[in-house]
């Protein structure tokens, strides 16, 4: 018990995922005086680091990354050369990634989401004809549904949706005044299918009726057997 050494008493790990053995081996590599032997030992350590990784082991970029980590753990105080001939500098380990730019949304119509805007852009690019008219009307119907889900406390009429579709498309998508969006959504509703029979669902009312009939038939058969 007297010879036990706790991790809290040891030098902190520079890159913890490689463990203390790798760090100790890199520290040992610094003490090797022979250049060729030091180089071979460093390459052996990097190979061990690659084996600890679960993917991209044969990728040259990944191997370069391992060498960069090797030099970081060595605090850039070791005379070895990576296979690409480029010795990482201490400044490279301090580089921070560039900030990720978030997509710029139109804040005025964000309740419709980017999906609707992509549909609008697709409709604008379509050739004039019946398909474009149908697609445009479906977009308007979906916009009304999205608006009602976003603001359930307020009623929205078709004129508001048509006007916002016009503005979102830069005046390129105009819906007829006599178009009723609720009817479009009902007409384009996909039929449902039963998982058991593989056929079209007939609705709960008919199924309930059949269930009651089958239940009564089974009861009568039971009484006859008795």
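Extent of segment 10-94 along its three principal axes (Cα atoms, max minus min coordinate, largest first): 32, 31, 25 Å. Using the empirical formula 2.2 N^0.38 Å as the baseline, the Cα radius of gyration of segment 36-85 reaches a ratio of 1.07.
The length gained by stretching the chain between residue 75 and residue 17 to full extension, at 0.36 nm per residue less their Cα-Cα distance, is 19.2 nm. Along its principal axes, segment 107-187 has C-alpha extents of 38, 28, 18 angstrom, given from the largest down. Peptide packing: for 116-126, 134-144, the average count of neighbouring Cβ atoms within 10 Å per residue gives the ranking 134-144, 116-126, highest mean first.
Values in this text are rule-based calculations from the coordinates and carry no lab data. For clarity, every value in this text was computed on a predicted model and none was experimentally measured. Every residue, glycine among them, receives a Cβ derived from its backbone with ideal geometry; neighbour counts consider all protein chains shown.
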